[in-house]
Amino acid sequence: MSERVAAIDCGTNSIRLLIATAGPDGLVQLDRRMQIVRLGQGVDATGRFAPEALERVFKACDEYAEVIRAAGVVRTRFVATSAARDVSNRDEFFAGVAQRIGVQPEIISGAEEAELSFRGATGGLGALAVPGPYLVADIGGGSTELILGDASGVLAAESLNVGSVRMTERHIKADPSTAGELAATIKDIDALLDSTRVPVTTARALIGVAGTVTTVAAVVGKLVDYDSARIHHARISGPQLRETTYWLTRSTKAERIQNPAIHPGRVDVIGAGALILQRLYDRMAVGEVIVSEHDILDGVALSLL
């Protein structure tokens, strides 16, 4: 039996685990799970991880450690992205994770994050005859990674400080959002997208990864239960994206909670996340968003194999 490895990715909003082994055509997924922990709660305003946010992360780490031990994993890698880069109490986060998982978290460089995300997200696109170059958009809670690349690898990449949690905490207070709040959010998003050094308009395909994009796809598909097989490589047309973004940004929290396609931990931030995807899509000469369930987590697992 091939060696089993574990990849953990801790972002601003969620912590995810992938246990995998090597197969003839790449990764063989054995277990994939996600918990909403909102590590980035209040970080934009305070510059520190909140005690209750750390408590949520450590509880999830305890659970993941049990899963890793039971699976007979031989190598584990824990990567932390936007949320852990600049906080003043990150040593507390590092120590708590190392105690529970047994490995030190890595705050990976922007260049390595781009390589891992691109490798994970674009595997299998060639078989679907999707033309390159690809723009991979990883919309997280605290940041959005834009990665342009083709079969040769990454051509340009940048991490922008625009994410679903960050934009919601900064601009959206009312329920439902007011027109003024949405206008301020869009202005902020557009300013950051306008500043990017990545030539997004040269891409022939937009590949969306991570929770915001998969949630939008689940809403478009009217899923009652989350179904990875239906989400992975799903296609969201321009009209579908506009209609869904309009509803997500103008509905009440109570209305979104009633939609089974939206994870409860994303109910309050999914509108801002969808707006980021919409404003990016509107800049590009593409007719759809291709959704990938595979992302940096898969890239990390591949790096261990």
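Sorting Ser251, Ser109, Ser88, Ser177 on solvent-accessible area from highest to lowest, probe radius 1.4 Å, gives Ser88, Ser109, Ser177, Ser251. Of Val43, Val291, the residue with the largest accessible area leads and the full order is Val43, Val291 (1.4 Å probe). Distance between the pseudo-spin-label points of Arg283 and Glu92 (7 Å out from Cα toward the beta carbon): 3.6 nm. Counting only heavy atoms of the protein chains and using a 1.4 Å probe, Phe58 has close to 30 Å² of accessible surface. Take the chain with all the other protein chains still there, run a 1.4 Å probe, and you get 42 Å² of accessible area per residue. Taking amide H atoms as placed 1.01 Å from N in the peptide plane, the amide H of Phe49 lies under 5 Å from those of Ser88, Asn89, each 5 or more residues away in sequence or on another chain. Of all the options Pro51, Pro176, Pro24, the one that moves most in a Gaussian network model of the chain with Cα springs shorter than 10 angstrom is Pro24. Please work out which option in (1) 0.98; (2) 1.48; (3) 0.94 gives Rg/Rh (Cα atoms, Kirkwood Rh) calculated from these coordinates, and answer with its label. Here the calculated entry is (3). Within the range 188-228, the trypsin sites (Lys or Arg not before Pro) that combine a DSSP coil assignment with at most 11 other C-beta atoms in a 10 angstrom radius are Arg197, Lys222. Once the Cβ-Cβ distance of Ala254 and Val74 is raised to the sixth power relative to R0 = 45 Å, the FRET efficiency obtained is 0.45. Note on Lys253: accessible area approximately 90 square angstrom, rounded to 10, probe 1.4 Å, nucleic acids and ligands left out. For the set Val213, Val103, the ranking by accessible area, highest first and with no ligand, DNA or RNA atoms included, is Val103, Val213 under a 1.4 Å probe.
Taking 20 Å as the cut-off, the amide N atoms of the range 160-174 that come nearer than this to a point 7 Å along the Cα-to-beta-carbon line of Thr46 belong to 163-173. Rolling a 1.4 Å probe over the protein heavy atoms of the range 180-297, with every protein chain left in place, gives an accessible area that is 52 percent carbon and sulfur. Considering only Thr201, Thr76, Thr249, the mean-square fluctuation computed in a Gaussian network model of the chain, springs between alpha carbons under 10 angstrom, is largest for Thr201.
The values are calculated or read from the model by the stated rules, or taken from the named source; none is laboratory data. As the structure is a computational prediction, the values presented were derived from the model and not from experiment. Here the Cβ is made from the backbone with ideal geometry for all residues, glycine too, and neighbour counts use every protein chain on show. The area values use the complete protein model at the heavy-atom level, side chains included, leaving out ligands, DNA and RNA. Shrake-Rupley method; radii C 1.70, N 1.55, O 1.52, S 1.80 Å.
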